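The values are calculated or read from the model by the stated rules, or taken from the named source; none is laboratory data. The structure displayed is predicted, hence computed values, not measured ones. Note that each Cβ is placed from the backbone with ideal geometry, even for glycine, and that neighbours are counted across all protein chains shown. With ligands, DNA and RNA removed, areas are computed over all heavy atoms of the protein, side chains included. Shrake-Rupley method; radii C 1.70, N 1.55, O 1.52, S 1.80 Å.
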Amino acid sequence: MPDGCARRFRTRLGTGAISSFTGVFIAQLLTELICRQMLDRGIDPPVHVSANLAAGDAHNRVLYERYRDQARPIEP
């Protein structure tokens with residue numbers, strides 16, 4: 001789309017910015033590549049997991065405690 005919208009409505013309102021999607025896609029590809037390289041070297045990547053998983057909150061809490069001085073939480 002010339003204006004960068006993935007969806008155009010009859011009201012001429014556009015939504016679904018393609019640039020945002022592209023940026024997120026690239027970030028996810030880089031994350032996957034780095035994690036794969038870490039695993040190939042025998043390193044367990046410190047990646048947050050979904051809180052919907054059975055041990056998701058506990059896993060993420062451990063990461064937060066380990067890296068609390070280096071990274072801020074997403075939510076206060």
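The table below gives the values:
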read-out	value
Coordinate range along principal axes, alpha carbons of the chain, Å, largest first	50, 31, 26
Sequence-distant residues sharing a close amide H with VAL49 (under 5 Å, placed H)	ASN60
Rounded to whole Hz, the Karplus (6.51, -1.76, 1.60) HN-Hα couplings of segment 27-36, x for glycine and proline	4, 5, 4, 5, 4, 4, 5, 5, 4, 4
Exposure of LEU39 as accessible area (Å², to 10), given a probe of 1.4 Å and all protein chains	110 Å²
J(HN,Hα) series, segment 47-58, from Karplus relation 6.51 cos²θ - 1.76 cosθ + 1.60, nearest Hz, glycine and proline x	10, 5, 10, 4, 5, 6, 6, 3, 10, x, 4, 5
ARG12 paired with ARG68, simple spin-label distance in nm, labels 7 Å along Cα-to-beta-carbon	5.4 nm
